[in-house]
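Peer 1: Handing you a structure now.
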Amino acid sequence: MGICPANSVQTYLPLFDKQKKRVVLDYGSGNLRNSLYLHTRGFEVIAVDLPGKTQCSSVPGITLVSPDELKTTNLYIDVTLCTFVLNLIDVTKRVSVFETIAKNTMQGGYLLIETKDVTLRELDSLALLQGFARIHNDTGRFTQIVLYQLIFKKQKISRG
Ligand SMILES: C[S@@+](CC[C@H](N)C(=O)[O-])C[C@H]1O[C@@H](n2cnc3c(N)ncnc32)[C@H](O)[C@@H]1O
């Protein structure tokens, strides 16, 4: 029996392959099902979860990072996955999550969201604010699946 990733990851994998996207951020990685699935397909994976929540402490080839650490980095991520996570994050903290993801995403990189209990309208407003444009979306029986692409990368303004 193989690793079973989220449906959205399987759906968009051919696009990521075709676009030669190779570096993935798995935001809210849980048991690493998406991370492991993509790692075995040759992707470089950075998995993000709350301290003590990542269910594997060390997996060769997968880098584990906390959400607070990610706020301080400027990575060059091709694809961020956020599956079944946003509904667990308080509404007031979601803007900051999108900001952190955008900061670590390459111009042209993707953000793939699969979630329950968050409307497409809210997802659009959070994503558009950070420079993402909606590319595809689909509505499952209980979930929203949305693919965004970063079309406007905000520049870091240095002071002094
Ligand atoms: C339902 S699991 C989904 C895991 C995985 N994405 C999947 O689809 O199997 C939600 C995960 O999000 C993590 N999580 C919750 N709040 C988070 C936050 N603010 N930042 C990062 N991860 C968070 C939880 O610890 C948990 O591992």
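Peer 1: Tell me which residues, restricted to the stretch 1-14, are assigned to a helix (DSSP H, G or I) and either within 15 Å of the ligand (Cβ to nearest atom) or touching a residue at least 60 places away in the same chain (Cβ under 8 Å) (or both).
Peer 2: N7, S8, V9, Q10, T11, Y12, L13
Peer 1: Here's a follow-up. Which of the residues that make up the stretch 76-104 are in a loop (DSSP other than H, G, I, E, B), away from the ligand (no atom under 11 Å from the Cβ) and surrounded by 17 or more Cβ atoms within 10 Å (Cβ to Cβ)?
Peer 2: If the condition is that a residue be in a loop (DSSP other than H, G, I, E, B), away from the ligand (no atom under 11 Å from the Cβ) and surrounded by 17 or more Cβ atoms within 10 Å (Cβ to Cβ), then N104 is the only one that fits.
Peer 1: Just the residues that are surrounded by 12 or more Cβ atoms within 10 Å (Cβ to Cβ) and not charged (D, E, K, R), please, taken from the stretch 62-75.
Peer 2: Answer for the stretch 62-75, where residues must be surrounded by 12 or more Cβ atoms within 10 Å (Cβ to Cβ) and not charged (D, E, K, R): I62, T63, L64, V65, S66, P67, L70, T73, L75.
Peer 1: Any residue in the stretch 64-92 that is over 18 Å from G109 (Cβ atoms) sitting within a Cβ distance under 7 Å of a residue that is in a helix (DSSP H, G or I) and of a type in the set (G, A, S)? List the pairs, counting only those 6 or more apart or interchain.
Peer 2: Taking only residues 6 or more apart or on different chains, not a single pair turns up.
Peer 1: Taking the condition of being part of a loop (DSSP other than H, G, I, E, B) and either in contact with an Asp or Glu (Cβ under 6 Å, 6 or more places away or on another chain) or surrounded by 20 or more Cβ atoms within 10 Å (Cβ to Cβ) (or both), how many residues in the stretch 123-157 meet it?
Peer 2: 2
Peer 1: If you go through the stretch 26-45 one residue at a time, do you hit one that is within 14 Å of the ligand (Cβ to nearest atom) and free of Cβ contacts under 8 Å to residues at least 12 places away in the same chain?
Peer 2: no
Peer 1: What number goes with the only condition from (1) more than 9 Å from the ligand (Cβ to nearest atom); (2) without any contact (Cβ under 8 Å) to a residue 60 or more places away in the chain; (3) loosely packed, with under 14 Cβ neighbours inside 10 Å that V59 does not pass?
Peer 2: It is condition (3) that V59 fails.
Any read-out appearing in this document is the output of simple, stated calculations on the displayed coordinates, not a laboratory observation. Please read these numbers as outputs of a predicted model, since none were measured by experiment. Backbone-built Cβ (ideal geometry, glycine too); neighbour counts: all protein chains shown.
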